[in-house]
Amino acid sequence: MSLVPRLFRRAAADPAGAGAPSTSFALTSTPLPARATPCPGQPDRAQIVVLDGGAVPGVAHYRAWSVELADRGFSRMRTGALAARQAAQADLAGLHCAQELVLLRLDAPLPSLTDRSPSATRLHRLDDDGYRSAAAIDALGFGERWRLDAGMLADICHATPRSRARLATTDGTVSGFLISGRSARIGYLPRLAVDPSVRRRNVATALIGDAFGWMRRTGVHQVYVNTHVDNDGALALYHHLGFRDLAERLRVYEGDIAR
């Protein structure tokens, strides 16, 4: 059995809701509920989101999705973050690992970080108009290949029963954002990005501190986050806050669509 919580492995539920409009669409070629979204800046590539994070899509699923996506004009597919059993099936389907992620966990009591917030940084609710600003920061933080657009960021807010989204401004300019979520007493930090020009000014700490305060008030006793294995800055921050690496890694897979 995977140690990765289900909700942390699912990118979004039904994407309808507030925020920028999503470009995702339902995949109907298999009984397994799934959606696909064109990757920003890569219109030939579709990212597949399986709505049940505990499901294990098999080779037949990937073959059916390939035909369906090819009919829509896509030539490549990308999975979400997969746990070990899911990754094994993606391997069998001929996909290759494109990204490996470290999964980290922090147990209660969650630290209070309010005294570490920089005076020049203010936090604001991430509303409908703010998703495009957040997407611009996401591109700066994650690069062209892995960035999410405004609609995809809005979708993340629906991945957990409860979510909190905050936009940071530093010296009056948008500098970062964090989308956090919770399910019962489990918390998640699914997307955090900071403008590289203001790193080391505690913007990320201010955003995480706000999320921790919300989680403490709602009785969260464990928080999960993941990041790329080579993201030394993020790993150093999470370790400093008390997160510890878990043995299981998550993997994102990509591959050509067979026509």
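A few comments on the model shown:
Let's see how each residue does on (1) aromatic (Phe, Trp, Tyr); (2) modelled with pLDDT under 95; (3) within 20 Å of the chain's Cα centre (by Cα):
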| residue | (1), (2), (3) |
| --- | --- |
| ARG105 | no, no, yes |
| SER112 | no, yes, no |
| SER117 | no, yes, no |
| THR121 | no, yes, no |
| ARG125 | no, no, yes |
| ASP128 | no, yes, yes |
| ALA136 | no, no, yes |
| LEU140 | no, no, yes |
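- Segment 183-223: number of residues that are farther than 14 Å from LEU140 by Cβ and of a type in the set (D, E, K, R): 6
- Single match in VAL4, VAL49 (criterion: out of contact with any helix residue (DSSP H, G or I) (no Cβ under 6 Å at 6 or more places or on another chain), open to solvent by less than 30 Å² (accessible area, probe 1.4 Å), modelled with pLDDT under 55 and of a type outside the set (Asp, Glu)): VAL4
- Screening the candidates LEU106, LEU110 for the property of being surrounded by 19 or more Cβ atoms within 10 Å (Cβ to Cβ), over 20 Å from HIS228 (Cβ atoms) and in contact (Cβ under 8 Å) with a residue 24 or more places away in the chain yields one hit, LEU110.
- Test: LEU246 is crowded, with 19+ Cβ neighbours inside 10 Å and touching a strand residue (DSSP E or B) at 6+ places or on another chain (Cβ under 6 Å): no
- Residue pairs whose Cβ atoms lie under 6 Å apart, sitting 6 or more positions apart in sequence or on different chains, and linking a residue in segment 225-239 that is among the β-branched types (Val, Ile, Thr) to a partner that is open to solvent by 40 Å² or more (accessible area, probe 1.4 Å), are VAL229/GLU100.
- The listed residue being farther than 28 Å from ALA150 by Cβ, in a strand (DSSP E or B) and out of contact with any Ser or Thr (no Cβ under 6 Å at 6 or more places or on another chain), out of LEU192, LEU250, LEU246: LEU246
The values are calculated or read from the model by the stated rules, or taken from the named source; none is laboratory data. Everything numeric here is computed off the predicted structure, so don't read it as measured data. Because the Cβ atoms are built from the backbone with ideal geometry, glycine has one as well, and the counts that use them run over all protein chains shown. The area values use the complete protein model at the heavy-atom level, side chains included, leaving out ligands, DNA and RNA. Shrake-Rupley method; radii C 1.70, N 1.55, O 1.52, S 1.80 Å.
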